[in-house]
Amino acid sequence: MKKYNKDNKNITVGFSDGGMPLLLNDLLQLETNTYLSGITSVLRGFSCVLQGCIISNVNTTTKKLDISEGLVMIDDIIYNTTAITNQTYPFSFVHGNVIPDTRGFKVGGYKDVGNTYEYSVKTSFTWSDIVDIYPILTTSEIYFDPFTAQKASYILNNLGKQKGECIIKNISTTTILKDETNQNLVGTVNWLPDTLVPKYAYYGYHILTETGKLTMNNSIGSLSGSDNISLTEGQIPQHYHTSDGLIVSPGGIHRHEFENAFYSENVPLMSNLYKNHHYPTSQFGTSLIANVGSGETDYDNTPIAFRDMTYNNPSEHVHGLTGITGSTSYLLTPGNAQQLVDISGKQYGVSLLEWKGYPTTHTIPNVLSSNGLQVVSYKFWNFDIPFINM
């Protein structure tokens, strides 16, 4: 586009006295400049995408993409960019040729009344170190790799924030699988590099994490703490129960009775066979000693009967009980250490990104770097941005 007789702040200034040929295209350019002057006043100093420049067909293997036409602003100069297919990334939109508009004045002589600005695409970059996230960049370019942090919508949203403001973001999902037209990428792109410095729409944010039961955590739903939960059989180790207690039947306190009878011969005390027994017991089929004695014969046919019973006194009539609960494969035997039961529950946490402001420090320490520093951010504005520190 064309700018007329601007000063070093890109603001149009007056012309010297004298008539100047006016072309029909001048009317279009003046109208366009007027229409876009509001944008330049709000975003003055930023190099950014104003409209369009939508990224599609990203292939992370070949490092190729398509980009639609759009409006971009670099150093307060607005360019109407054309669509590009099969563009290698990373790339930047930068200033191109400046073509002066020289015209003759009525008072005599020729003067430059303005300049027509052209943009160009930069694909060659210098990296200070292999671990750097960004190459060496200036404030006079719009950088894509394959997406950009320099969209006007991002900037306007962030300029309305104060330091410390937070947005909810599930940090467990850091990969980008689709392009800006909702088509699948060939490969994946990570908006959160290993250095935990967010890129693209989250440039200027910081991951805010905390631990605890109610926590702001990196991974939503991770296990921590305990809840009131219902345990299933599989969660309960097989274990023993023992108890000594009063047996209470449907009829209340009860007793057990036992009756029996046996036959015995009345043998003299000093009998040769049974010197130590008054009444040797007759067994069925076998006598008590060496298969002799009364044997299977009962001589007097006189039985000796007896009855026995348990007492029904509650303090004396008790039964010992032992049982096993659970059917899991590991068995907790009496005396072994108790198995642990896992009753941990999921955290009711959130993951937050905290707005730290557009970075003024562009490197962080990294021992893997040749100079001990890693480039993790870059600056795409040419003035200081004030932020309220609350």
*Would you confirm whether any residue within region 164-175 is closer than 20 Å to Gln51 by Cα and free of Cβ contacts under 8 Å to residues at least 60 places away in the same chain?*
no
| said: Would you confirm whether or not region 38-46 contains a residue that is closer than 17 Å to Thr123 by Cα and at pLDDT 90 or above? | reply: no
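Let's see how each residue does on (1) within 20 Å of Thr81 (Cα to Cα); (2) modelled with pLDDT under 90; (3) touching a helix residue (DSSP H, G or I) at 6+ places or on another chain (Cβ under 7 Å); (4) β-branched (Val, Ile, Thr):
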{"position": "Val113", "(1), (2), (3), (4)": "no, yes, no, yes"}
{"position": "Lys122", "(1), (2), (3), (4)": "yes, no, no, no"}
{"position": "Ile136", "(1), (2), (3), (4)": "no, no, no, yes"}
{"position": "Ala149", "(1), (2), (3), (4)": "yes, no, yes, no"}
Pairs returned, first residue in region 84-107 that is under 17 Å from Ser120 (Cα atoms) and surrounded by fewer than 12 Cβ atoms within 10 Å (Cβ to Cβ), second residue that is of a type in the set (Asp, Glu) and modelled with pLDDT of 95 or more, beta-carbon separation under 9 angstrom, 6 or more apart or interchain, are Thr85/Asp66; Asn86/Asp66
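The values are calculated or read from the model by the stated rules, or taken from the named source; none is laboratory data. Everything numeric here is computed off the predicted structure, so don't read it as measured data. Please note: Cβ atoms are built from the backbone with ideal geometry, for glycine as well, and neighbour counts cover all protein chains shown.
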